[in-house]
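The next block holds one structure in the form of structure tokens; read it before the comments.
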Amino acid sequence: MSQPALSHQIAALEKELGTPVVERLSRGIRVTAAGRAVAEEARVALAGASRRR
């Protein structure tokens, strides 16, 4: 995925959640607490989906 496409996807996710998932820094980004929570929930959901196959 290209950087602009990824940035667009992150912005869309943040808009949907109503909170930032990354903190934009002068030299990159840092994942926020909300971003870590969303990532963990996604891991759990994917693991559950793969067990149900």
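The values are calculated or read from the model by the stated rules, or taken from the named source; none is laboratory data. Model, not experiment: these values are computed from the prediction. Note: ideal-geometry Cβ built from the backbone for every residue, glycine included; neighbour counts use all protein chains shown. Only protein heavy atoms, including side chains, enter the accessible area calculation; ligands, DNA and RNA are left aside. Shrake-Rupley method; radii C 1.70, N 1.55, O 1.52, S 1.80 Å.
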- Note on the structure: Taking a crude spin-label model, label points 7 Å out from Cα along the C-beta direction, the residue 36 to residue 12 distance in nm is 2.7
- Message: Placing +1 on the Cβ of each Lys and Arg and -1 on the Cβ of each Asp and Glu in the range 6-53, which of 47, 28, 6 has its Cα farthest towards the positive end of the resulting dipole?
- Response: 47
- Between the helical axis of 3-17 and the dominant principal axis of the chain, each derived from Cα atoms, what acute angle in degrees is found, rounded to the nearest 10? 70
- Query: Calculated from DSSP H runs of 4 or more alone, at -39500 (n - 2.57) each and per residue, what is the 222 nm mean residue ellipticity of the chain, nearest 500?
  - Reply: -21500 deg cm²/dmol
- Just the Cα atoms of the chain: what Rg and Dmax do they give in Å? 13.1, 43
- Query: Amide H of residue 22: which non-local residues (sequence gap of 5 or more, or other chain) have their own amide H closer than 5 Å, using H built in the peptide plane?
  - Reply: 32
- Message: Computing the accessible area with a 1.4 Å probe over protein heavy atoms, can you report the carbon and sulfur percentage for the chain?
- Response: 57
- Query: If one takes the longest principal axis of the Cα atoms in the chain, at what angle in degrees, from 0 to 90 and to the nearest 10, does the Cα axis of helix 33-51 lie?
  - Reply: 30
